[in-house]
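Below you'll find the structure I mean.
Read-outs: derived from the displayed coordinates by stated rules, not from any lab. Since we're looking at a predicted model, the values are computed, not measured. As a convention, Cβ positions derive from the backbone with ideal geometry for all residues, glycine included, and neighbour counts pool all protein chains shown.
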């Protein structure tokens, strides 16, 4: 486990879902010593009508999660994330050996006898469940970063209500694609701040554009989405945004 955890929303089997995942574990995944994926599926007692967790059950669900981590995690067991959907909360682990998992899970859940749960394990040496299910896709990663930048601004006293120039960066594979990216976003009001620059370490063109917007939690995804999509369409990637603090 690392300290780099975050959450995002998705749909799982066509239903609303909330995923909470150890993003930092990606750097070392898969771990050869932990080749088995293990899970514990908890049936929530007071889910919302949409199948997600309710505020009424928040404290109890956190207590269960804390208990699972304290009881199960060691050098042979890593907790990597959870999915909440359809009235259940599924906790995911990677473990060294599956033979004792059912007994360990049952012992960890003993203080919570009023909860129904299931547990199981399967071989997953490539950590495919973590990589292809728990980890967010590129756009959800961008939304996580958007939220984190907004939170950093708030920590410095920003109310996220004042419009100001917001700088945006993107990587494009060559000069032609960089020019095409700029041409695509210019009609939307994103204007280049300087000429695209080739960066040797990336062997790519760095593009810097800006537009006046409000960096709010409610609106920043819509500000960045056309840049994200334009960069991807031209073979590159959006590299985030920044702005001055406005108290």
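Using 0.36 nm times the number of residues separating residue 27 and residue 115, minus their current alpha carbon distance, what extension gain do you get? Present the calculation step by step, with values, prior to reporting the outcome.
Working: separation 88, 0.36 × 88 = 31.68 nm, distance 3.44 nm.
That pair, residue 27 and residue 115, stretches by 28.2 nm at full extension.
Then there's this: Restricting to Cα pairs below 8 Å that are 6+ residues apart, what does the relative contact order work out to for the range 155-243? Please round to a whole percent.
44
Follow-up question, since we're still on this one. At a 10 angstrom cut-off on C-beta neighbours, averaged per residue, how do the peptides 150-162, 27-39 rank from highest to lowest? Intermediate results must be reported in sequence, preceding the final value.
Details: 150-162: 13.2, 27-39: 15.9.
Ranked by mean Cβ neighbours within 10 Å, highest first: 27-39, 150-162.
Once you place label points 7 Å from the Cα toward the Cβ at residue 57 and residue 201, how far apart are they in nm?
So the label points at residue 57 and residue 201 sit 4.6 nm apart.
So if I take the centroid of the Cα atoms in the range 45-97 and the same for the range 156-176, what is the distance between those two points in Å?
36
Moving on to the next point. For the range 169-210, what's the relative contact order in percent, using C-alpha pairs closer than 8 Å and at least 6 residues apart?
After rounding, I find 50 percent.
Then there's this: What does the highest-first list of 199-206, 223-230 look like by mean Cβ count within 10 Å?
Per-residue Cβ counts within 10 Å, averaged per peptide and sorted highest first, yield 223-230, 199-206.
Would you calculate the separation in nanometres between label points at residue 15 and residue 74, each defined as 7 Å from the Cα along the Cα-to-beta-carbon direction?
Placing both labels 7 Å along Cα→Cβ, they lie 3.5 nm apart.
I'd like the FRET efficiency for residue 138 and residue 194, computed as 1/(1 + (r/R0)^6) with the beta carbon distance as r and R0 of 22 Å, rounded to 0.05.
0.25
Here's another thing I want to ask about it. What is the chain's relative contact order, in percent, from Cα pairs under 8 angstrom and six or more apart in sequence?
Details: 441 pairs, mean separation 46.9, N = 247.
Across the chain, relative contact order equals 19 percent.
Rounded to the nearest 500, what is the 222 nm mean residue ellipticity of the chain from helices alone, with -39500 (n - 2.57) per DSSP H run of 4+ residues and division by all residues?
-8500 deg cm²/dmol
If each of residue 45 and residue 148 carries a label point 7 Å out from its Cα toward its Cβ, how far apart are those two points in nm?
Going by the 7 Å Cα→Cβ label model, 3.6 nm.
With 10 angstrom as the radius, rank 198, 168 by how many other C-beta atoms surround their C-beta, starting from the fewest.
Least crowded to most crowded, the residues run 198, 168.
Could you tell me whether the range 155-243 comes out rounded, prolate or oblate from its Cα gyration tensor? Rule is a ≥ b ≥ c as square roots of the eigenvalues, rounded for a/c under 1.5, then prolate if a/b exceeds b/c, otherwise oblate. Intermediate values should be presented prior to the final figure.
Details: a/c = 2.17, a/b = 1.83, b/c = 1.18.
Prolate, since a/c reaches 1.5 and a/b exceeds b/c.
Taking 0.36 nm per intervening residue step and subtracting the Cα-Cα distance, what contour gain separates residue 161 from residue 174 on full extension?
Here the segment from residue 161 to residue 174 would lengthen by 1.0 nm.
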